[in-house]
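Data first, discussion second: the structure below is written as structure tokens.
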Amino acid sequence: MLRRYGPFVAAVAAAFVLGGCGGSSSSPVAAGGPTTPPPTTSACPAPPTENVVWPAAVPKDLPLPRNAHLLDTQTASDGVHIVKFTTQTSLRDSVLFVVQKLPKAGYVLGRGDAEASEADAPFLHGSTRGLVRMLQLGLCQTEWLLATVDTQAQTGTPLLPVHTPSGSPSPLPFG
């Protein structure tokens, strides 16, 4: 069963080793035309509130959507915990959740990547390193893959090497 997550675990490793890829976005504005702010409400109906019992390996202080439906949980031999779940939210709303909630809880977001139907964001909090990948399944359904590892409990795996920030004021991973 863990083989299904091989590409995802490889992506986690690449994200932490390489620091991820920065993306850019721009929104061209017609000359002289007014700009319209992005909508603050979702086009998706409010999902039912579901009390999710998260696996013990998921950090208790990691903000996670309350409307999740757990699909699968795996723990690799090297200590990487992988949780797969879905939400009845758009990919946009899922990304906004990560960008708004994780930093408020003390999680430092790394350089992620976003495309039309998926987005990912590595994060760090104390000895916890992780990556969240969100895949659009439909207009109002997102599949999440959450991978976390406690670097203090890690047993010499090269998968998610311990990295101490350089202290450089540069936001670039190579300082």
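The values are calculated or read from the model by the stated rules, or taken from the named source; none is laboratory data. Quick caveat, the model's predicted, so the values are computed rather than measured. Quick reminder, even Gly has a Cβ in these numbers, built from the backbone with ideal geometry, and neighbours come from all protein chains shown.
Inspect the range 92-100 for any residue being in a strand (DSSP E or B) and either in contact with a strand residue (DSSP E or B) (Cβ under 7 Å, 6 or more places away or on another chain) or of a type outside the set (Phe, Trp, Tyr) (or both) and give the result as yes or no. Checking the range 92-100: not a single residue is in a strand (DSSP E or B) and either in contact with a strand residue (DSSP E or B) (Cβ under 7 Å, 6 or more places away or on another chain) or of a type outside the set (Phe, Trp, Tyr) (or both). SER77 meets all of the listed conditions (1) surrounded by 17 or more Cβ atoms within 10 Å (Cβ to Cβ); (2) in a loop (DSSP other than H, G, I, E, B) but one, namely (1).
Residues CYS21, CYS44: which one is touching a Lys or Arg at 6+ places or on another chain (Cβ under 8 Å) and modelled with pLDDT under 95? Steps first, please.
Numbers: CYS44 fails: touching a Lys or Arg at 6+ places or on another chain (Cβ under 8 Å).
Exactly one residue qualifies, and that residue is CYS21.
Among the residues in the range 107-129, are any within 10 Å of the chain's Cα centre (by Cα), over 24 Å from SER77 (Cα atoms), modelled with pLDDT under 95 and part of a loop (DSSP other than H, G, I, E, B)? Yes, because at least one residue in the range 107-129 is within 10 Å of the chain's Cα centre (by Cα), over 24 Å from SER77 (Cα atoms), modelled with pLDDT under 95 and part of a loop (DSSP other than H, G, I, E, B).
Within the range 57-88, the residues that satisfy the criterion of being in contact with a Ser or Thr (Cβ under 6 Å, 6 or more places away or on another chain) and under 17 Å from TYR107 (Cα atoms) are PRO59, PRO65. Report yes if GLY110 is surrounded by fewer than 17 Cβ atoms within 10 Å (Cβ to Cβ) and not basic (Lys, Arg), otherwise no. Taking the combined requirement at face value, the residue does not satisfy it. Only one entry in SER94, SER90, SER117, SER77 is under 20 Å from ASP150 (Cβ atoms) and of a type in the set (Ser, Thr, Tyr), namely SER77. Any residue that is surrounded by 11 or more Cβ atoms within 10 Å (Cβ to Cβ), modelled with pLDDT of 90 or more and among the β-branched types (Val, Ile, Thr) - is there at least one of those in the range 51-70? Yes, the range 51-70 has at least one match. Any residue at all in the range 83-105 that's under 18 Å from TRP54 (Cα atoms), polar (S, T, N, Q) and over 15 Å from the mean Cα position of the chain (by Cα)? Yes, because at least one residue in the range 83-105 is under 18 Å from TRP54 (Cα atoms), polar (S, T, N, Q) and over 15 Å from the mean Cα position of the chain (by Cα).
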